[in-house]
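Worksheet for the structure shown next.
The values are calculated or read from the model by the stated rules, or taken from the named source; none is laboratory data. Since the model is a prediction, treat every value here as computed from it, not as a measurement. Note that we place each Cβ from the backbone using ideal geometry, even for glycine, and neighbour counts take in every protein chain shown.
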Amino acid sequence: MIDLKAKPFYLDDSGIEWVTSTLKRMDYLQKIGQLFCEIAWEAPGADLDRLFSNIEPGGIMFRIEPGLDIQRKARYLQEKSRIPLLVASNLERGGSGGNGGLWDGTYFGSPMQTAATDDETQAYRLGTIAGREGSAAGINWTFEPIIDIDFNFNNPITNVRTYGSDPQRVLRMARGYMKGAQENGMAVCIKHFPGDGVDFRDQHLLASVNSLSAEEWDRSYGILYRTMIDEGANTVMASHILMPAWSRLINPKIKDRDIMPASLSRELVTGLLRDRFNFNGLIATDATQMAGFTAAMKREKAIPAAIAAGCDMLIFTINQKEDVEYLLRGIDAGLVSPARIDEAVTRVLALKASLKLHEKKKAGSLVPEEKSLNVLKCAEHLSWARECAEKSVTLVKDTEGLLPISPRLVKNILLCVVTNEPVDDRKHTRESLLFKERLEHEGFVVHDFDIEKVPGGINTTAGIAEFAGKYDLMIYYANMRVASNQNSIRVVWSNFLASDAPKYVKDLPTIFISFSNPYHLVDVPMVSTYINAYSSSEYVVPAVIEKLMGRSEYVGKSPVDPFCGLWDARL
């Protein structure tokens, strides 16, 4: 039974009347439409009208685009829709960054960078920027905060998208983000239930497994979900992650082959989230074109099964017409009841009412005016981003005392950029070039790494003495970003001889700086000086330079074990 007056909706009589009267007026196809959140791709030939080809969807999600483009598209779609739309994005790094937000918004920092400050005020600011800048573009629903726990350093997707491996720090940061976002009119979505970060596999590519016992889960992820729900999280995202321990505890007769990922699991969604955690808000699936969903069962059964399990909204379609037909057929076949459809639609409408979207639509203010975008990269947000950068950079080790550096001691620097980001003709990213320019401004002579001139290379006869004699110091600028469809975020060297690896650290003093993955020491344990910066941005680069030069202290506190339990990484 849905309590529209209770958290997280807190509807008054007027809001409840809008929900109930709107539901009563809807025909079956209109109800079905509310259960889908489509995606507005930024791609050549992308047609916004096609999103309304078969239904009026309940929501639309935007990936990263310029703020004005999102605002104009959101305005068009809101005007086209009879019922106000939930407009979503991944605002995990503030106004911009990662796989969502506004290109021209403020990149505050990754969640792990924010957590490295060990200051929940920074997480509050992260959520505040997300709320302010997202709202300015017409976004009203952020698929954050991420409350996964980075227990397994080999997980290829959690990493800097999490607030670390300590459940209590994750909780403090997630609460700060939620408060900041909600205070600025943004609904939040805690994810990825039942919790990523245990498996070493990517739940985008298969149904991964949270293998904790029920007791272990209760003491970690369970505390996070229970607390965030109790404190008013608007929505929860059910991921394509299995949790055998709780599935078996709730349904002792379940067979292994019948254990489903959360997005399709009645045991986890209804049994755990609804019945045990008393979650009254909206539950959305993760993206339904991910392999973890599509491989679990035939899609014609999976679409209605997700709603029957207790999910209220399906994120994305593969073929809208087909997916709508699958849901209608599932109702006709008794796979999902009309009452369950009404319940799900009620929660979608209630979330919209809790955001006053029905009132804003009536007033013509669902999407702000263009001038509202002036908040993007405003002075206050930039100041906050710089402060977060200054407080987060973490010195992991400096066993040979190479720091601080100065042009007087190490004039000639060899700079090697290790990245999976797009690079220019000089093999630089925008941020690594800024790093080089800042070093040169300080009086260093910076030489770009040339793999053809490294001793032991395929096409060189250079000797080690000659090589090391040219430089006083080697610095690695590493930015191996976290992304799906890759098996690892380990360092990938240029050739089978690893010619660009720090092979000659005993001949040439070397500093390794990771501007992304905090676990790169796994691949470079031989480096004596290692720094984690967690994000590659125009705010982090100057902060790192200040610390390299000894003008600023290293105050960042690692949210994870950067040594990965390896004794040799500490040497």
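A few notes on this one:
- Scanning segment 129-150 for residues that are in contact (Cβ under 8 Å) with a residue 60 or more places away in the chain and under 23 Å from S372 (Cα atoms) yields I129, R132, E133, S135, A136, A137, G138, I139, N140, W141, F143.
- Qualifying residue in segment 288-300 (condition: under 27 Å from L4 (Cβ atoms) and either outside the structural domain of G222 (by TED's automatic domain parsing) or out of contact with any strand residue (DSSP E or B) (no Cβ under 6 Å at 6 or more places or on another chain) (or both)): no
- Looking only at segment 359-404, and only at residues there that are in contact with a strand residue (DSSP E or B) (Cβ under 6 Å, 6 or more places away or on another chain) and not aliphatic (A, V, I, L, M), the one that is farthest from V524 (Cα to Cα): T394
- Selected residue (criterion: farthest from L77 (Cα to Cα)) from residues of segment 134-169 that are part of a loop (DSSP other than H, G, I, E, B) and of a type in the set (A, V, I, L, M): I149
- The one condition from (1) in contact with a Cys (Cβ under 9 Å, 6 or more places away or on another chain); (2) in contact (Cβ under 8 Å) with a residue 60 or more places away in the chain; (3) in a loop (DSSP other than H, G, I, E, B) that T114 does not meet is (3).
Here's the yes/no breakdown for (1) charged (D, E, K, R); (2) under 21 Å from F563 (Cβ atoms); (3) crowded, with 24+ Cβ neighbours inside 10 Å; (4) touching an Asp or Glu at 6+ places or on another chain (Cβ under 8 Å):
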| residue | (1), (2), (3), (4) |
| --- | --- |
| G94 | no, no, yes, yes |
| W103 | no, no, no, yes |
| E133 | yes, no, yes, no |
| G185 | no, no, no, no |
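- Considering residues of segment 335-387 that are out of contact with any helix residue (DSSP H, G or I) (no Cβ under 7 Å at 6 or more places or on another chain) and aliphatic (A, V, I, L, M) only, the residue surrounded by the most Cβ atoms within 10 Å (Cβ to Cβ): A385
- Criterion: in contact with a Phe, Trp or Tyr (Cβ under 9 Å, 6 or more places away or on another chain) and surrounded by fewer than 24 Cβ atoms within 10 Å (Cβ to Cβ) - qualifying residue of R82, R75, R25, R63: R63
- All conditions in (1) at pLDDT 95 or above; (2) buried (at least 19 other Cβ atoms within 10 Å of the Cβ) hold for E553, with the sole exception of (2).
- Residues located in segment 517-553, provided they are farther than 18 Å from V160 by Cβ and in contact with a helix residue (DSSP H, G or I) (Cβ under 7 Å, 6 or more places away or on another chain): P525, P542, I545, S552
Let's see how each residue does on (1) in a loop (DSSP other than H, G, I, E, B); (2) of a type in the set (S, T, N, Q); (3) in contact with a helix residue (DSSP H, G or I) (Cβ under 9 Å, 6 or more places away or on another chain):
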site: L212; (1), (2), (3): yes, no, yes
site: I223; (1), (2), (3): no, no, yes
site: G232; (1), (2), (3): yes, no, yes
site: V236; (1), (2), (3): no, no, yes
site: A245; (1), (2), (3): no, no, yes
site: R257; (1), (2), (3): no, no, no
site: E267; (1), (2), (3): no, no, yes
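- Within segment 379-401, the set of residues being among the small types (G, A, S) and assigned to a loop (DSSP other than H, G, I, E, B) comprises just one member, G401.
- Selection within segment 344-378: residues that are part of a helix (DSSP H, G or I) and among the charged types (D, E, K, R). The member of this set that is farthest from the chain's Cα centre (by Cα) is K362.
- Within segment 287-315, the set of residues being closer than 16 Å to A233 by Cβ and acidic (D, E) comprises D312 only.
- Filter pass, L335 being of a type in the set (A, V, I, L, M, F, W, C) and either under 16 Å from Q30 (Cβ atoms) or assigned to a helix (DSSP H, G or I) (or both): no
- Qualifying positions in segment 419-446 - at pLDDT 95 or above and under 17 Å from S494 (Cβ atoms): S432
- Qualifying residue in segment 208-215 (condition: in contact (Cβ under 8 Å) with a residue 60 or more places away in the chain, buried (at least 21 other Cβ atoms within 10 Å of the Cβ) and over 21 Å from R347 (Cβ atoms)): yes
- In segment 1-49, the qualifying residues are those that are in contact with a strand residue (DSSP E or B) (Cβ under 9 Å, 6 or more places away or on another chain) and part of a helix (DSSP H, G or I), and the one that is nearest to R274 (Cα to Cα) is Q34.
- When residues in segment 505-531 are screened for being in contact with a His (Cβ under 6 Å, 6 or more places away or on another chain) and surrounded by fewer than 24 Cβ atoms within 10 Å (Cβ to Cβ), 0 of them pass.
- Scanning segment 289-315 for residues that are within 21 Å of the chain's Cα centre (by Cα) and surrounded by fewer than 24 Cβ atoms within 10 Å (Cβ to Cβ) yields Q289, M290, A291.
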